Amino acid sequence: MMQKKNKALSGVYVALLMLFLYLPIFVLIVFSFNSSKGYSWTGFSLKWYVDLFSNELILNSLKNTLIVALFASVFATVIGASAAVGVFSMQNKYAKSVIRSVTNIPLVMPEIVMGISLMLLFAFLNMSGFVPLIIAHISFCVPTVFFSVLPKLRQINKNMYEAALDLGCNPVQAFFKVVLPEIMPGIITGFLMALTYSLDDFVISYFTAGNVQTLSITIYSMVKKRVSPEINALSTIMFVVVLLVLLVTNIRSIKTETAKQKKMMHI
């Protein structure tokens, strides 16, 4: 009886959570097809999607955001994954603990503090444009990749790496043939998380963007007047694209895990 009550409460909790998280997105998607700018439904229309692709300000801001996000997430993935492998292979437990704590600082530090400090640094170095903005995004994306890859390294069977060395591989070959395939799901997850954080960021971008106009800054400037329904259309497209990427990634991950389990069962 108690288990049934717990299941019912769990179901209610999940339903409320999903409603709270996705109802606003559902409303946004619905009103992206509204024929008027108001907050009351007046009829179905693709007007705002058509207008979106002729709005140079929004398209340029989106292009800048994608450039920054792609560069930042790629560099952050390389740096974060390399750092995770290096820290995992360290023998000094105290040093490992210190590095993990330091890496965690950008995740817990208030964004406004990080934004202001980076702005002052780039002003001191007389840097402007895309480069400081990308560096700023890398700084908060690296920890995300680092902490996504580290758990995968802990799950690796060390005997497999040693067996690869015994069978004639040098350390570099053993890493690429044994370690890298095992931690690849963590690397992909870290990359997607870094890409999402970079696309979503406003505070740090606001302080470090200079004359570069990103999508979040453009939307912020629109809020002072009124957000155009074209933003609803753009948000809908971005939501659908991100959702499809996550679905494809998760399906591939499930298939890979299933294939590994079947292979282990045959062995």
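Computed from the coordinates by the stated procedures, all read-outs in this text should not be read as laboratory data. Keep in mind that this is a model prediction, so the values were computed, not measured. Cβ: placed from backbone, ideal geometry, glycine included. Neighbour counts: every protein chain shown.
Please work out which option in (i) 57, 40, 30; (ii) 69, 64, 37; (iii) 61, 44, 31 gives Cα extents along the principal axes in Å calculated from these coordinates, and answer with its label.
(ii)
Given Cβ point charges of +1 (Lys, Arg) and -1 (Asp, Glu) and nothing else, what value in debye, to the nearest 20, does the dipole of the range 56-227 about its Cα centre take?
Rounded to the nearest 20 debye, it is 220 debye.
What are the ³J(HN,Hα) values, in whole Hz, obtained from phi via the Karplus relation 6.51 cos²θ - 1.76 cosθ + 1.60 with θ = phi - 60°, for each residue of the range 12-17 in sequence order, with x given for Gly and Pro?
Rounded to whole hertz, the list is 5, 4, 5, 4, 5, 5.
Expressed as a rounded percentage, what relative contact order does the chain have, with Cα pairs under 8 Å and six or more residues apart?
Computed value for the chain: 29 percent relative contact order.
Hey, how many Å between the Cα centroid of the range 44-79 and the Cα centroid of the range 81-115?
The distance from the Cα centre of the range 44-79 to that of the range 81-115 comes to 31 Å.
Against the longest alpha carbon principal axis of the chain, how many degrees, from 0 to 90 and to the nearest 10, is the axis of helix 93-108 turned?
10
Could you tally the net charge around Ala136, taking each other residue with its Cβ under 13 Å from the Cβ of Ala136, Lys/Arg +1 and Asp/Glu -1?
Neighbour charge sum, excluding Ala136 itself: -2.
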